[in-house]
Amino acid sequence: MSKRKHLKIGLFGFGTVGSALFELINTIRPEGVEIKRICVRNLAKARNVNAEFTDNPDDIFNDPEINIIVELIDDANASYSLITRALRQGLTAVSGNKKMLAEHLPDLIALQRETGGTLLYDASACGSIPVIRNLEEYYDNDLLISVKGILNGSSNYILTKIFKEHMPYDRALKLAQEAGFAESNPSLDVDGWDALSKLVIIAVHAFGLYVEPARIFTFGISRLSDADIRFANEKERRIKLVGHVEKLPDGRLCMAVLPQLLTTEKYIYGVDDEFNGVVIKGLCYDKQFMFGRGAGGFPTGSAILSDITASQYDYRYEYKKIQSENIPEFTNNVAFRIYYRYCDPADLNLINFDSISEKYTSDSYSYVVGITTLAELHRVAAQLRKRNVFLAAYPKT
Ligand SMILES: NC(=O)c1ccc[n+]([C@@H]2O[C@H](COP(=O)([O-])OP(=O)(O)OC[C@H]3O[C@@H](n4cnc5c(N)ncnc54)[C@H](OP(=O)(O)O)[C@@H]3O)[C@@H](O)[C@H]2O)c1
């Protein structure tokens, strides 16, 4: 006899991912999975599907037949109330909302323990790539050295259009939005916030360490200029927005999201368009590489569906690493070689460099290559974001 539970879903959100999930379930008809009711923000919108819609969450939470909540809305605060309400009712919840998860994971882990409810969120980091479940189940904390990757499909799509097709930034962003890769608020993608949220979630499952997003240096691609593209091309490198969490020789962990000037040898150099790529480095196996579609309705919907069907067999994250006694400490005290481009000469003084190895000055812009620390970059992060400057990690190899 099958132990598979019959699931009646209360779905929140019918945008890019919610509508793709609906179509996916109606096309492949997974055994024992049905969508009972859908809650949206605006009932007046035409949906052109045969389904029961509401704009009142109570219609879902008070329906005794609904035994799983799938939350695919674009509002992190509302998402948190829905997920905590579901867990308090002892329901299984599935979410794709990385911003909400990155801000509230410790509370949500505690709430799952307290209520016995289950929360799954594999789609929240890297869309269709099963990064979270793999890190949670397979990679032993002691052997793991780093997890690095292209975690945001939309900014990667934009960078690909810029570097391979020489498209202007604004046009590339518009195309990403039209294709459904971009978040409703593009700053989440291009300024690195979306990748930051994913990195926070990844670090919990990779190393058992939760770090508040505000402690992590984050810088995006929205200030990328022709000068920066020219610099990358001259050095035969490509700029990618990279999130990384890495164990240092002293056992502490550093984390950051920032553009990186990559050499052709790097696995993620060739990760193009809306694809994501994650490189997992460990003591005995050197590097492993996971690659796939990180955004878009159907790829993300497929990861959501995989969480739904896993819950039919009572799958839950065990959070073994976060309960370990040897959770590494977080630090920003790590040296970084960076390329830093600025237009106003005063902006050179924003960052204290330990040393500068290359300097270029012209009437319209200048740059330096130098060594500084993540702590120093984090100290001036808010100012950097307001200025017409761009920076990228520029590792020797
Ligand atoms: N798009 C992707 O590629 C992708 C990838 C991974 C994860 N995600 C995550 O998946 C979630 C959904 O993304 P999306 O791209 O599908 O968003 P979207 O296209 O903007 O759709 C958002 C949906 O949420 C509904 N909504 C907003 N607030 C609501 C509320 N308080 N109650 C009920 N419904 C509400 C909206 O209703 P109306 O239709 O009435 O406006 C809309 O249907 C987000 O957390 C996002 O970060 C997206």
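A few notes on this one:
- All conditions but one from (1) surrounded by fewer than 19 Cβ atoms within 10 Å (Cβ to Cβ); (2) near the ligand (Cβ under 10 Å from one of its atoms); (3) outside any loop (DSSP other than H, G, I, E, B) apply to residue 82; the one that does not is (1).
- Given (1) open to solvent by less than 60 Å² (accessible area, probe 1.4 Å); (2) in contact (Cβ under 8 Å) with a residue 24 or more places away in the chain, index of the condition residue 320 fails: (1)
- Among the conditions (1) within 18 Å of residue 159 (Cβ to Cβ); (2) of a type outside the set (D, E, K, R); (3) open to solvent by 60 Å² or more (accessible area, probe 1.4 Å), the only one that residue 345 does not satisfy is (1).
- Within region 88-103, being touching a strand residue (DSSP E or B) at 6+ places or on another chain (Cβ under 6 Å) and either on the phi > 0 side of the Ramachandran plot or among the aliphatic types (A, V, I, L, M) (or both) holds for 91, 93, 94.
- Top-ranked residue in region 289-308 [being polar (S, T, N, Q) and within 12 Å of the ligand (Cβ to nearest atom); ranked as surrounded by the fewest Cβ atoms within 10 Å (Cβ to Cβ)]: 302
- Once region 85-110 is narrowed to residues that are more than 16 Å from residue 200 (Cα to Cα) and open to solvent by 10 Å² or more (accessible area, probe 1.4 Å), the residue that is nearest to the ligand (Cβ to nearest atom) is 85.
- Residue 63 vs. criteria within 12 Å of the ligand (Cβ to nearest atom), at negative phi and either acidic (Asp, Glu) or free of Cβ contacts under 8 Å to residues at least 24 places away in the same chain (or both): no
- Tallying residues that are more than 18 Å from residue 77 (Cα to Cα), within 13 Å of the ligand (Cβ to nearest atom) and not in a helix (DSSP H, G or I) within region 10-45 yields 6.
- Top-ranked residue of region 205-227 - restricted to ones that are buried (at least 24 other Cβ atoms within 10 Å of the Cβ) and of a type in the set (A, V, I, L, M), ranked as nearest to residue 327 (Cα to Cα): 206
- Among the residues making up region 201-217, those that are of a type in the set (Val, Ile, Thr) and in contact with a strand residue (DSSP E or B) (Cβ under 8 Å, 6 or more places away or on another chain) are 202, 211, 216.
- Residue 331 surrounded by 13 or more Cβ atoms within 10 Å (Cβ to Cβ), among the β-branched types (Val, Ile, Thr) and closer than 21 Å to residue 243 by Cα: yes
The values are calculated or read from the model by the stated rules, or taken from the named source; none is laboratory data. Everything numeric in this text was worked out from a predicted model, so none of it was measured. All Cβ positions, glycine included, derive from the backbone under ideal geometry; neighbour counts span all protein chains shown. Note: areas computed on protein heavy atoms with side chains; ligands, DNA, RNA excluded. Shrake-Rupley method; radii C 1.70, N 1.55, O 1.52, S 1.80 Å.
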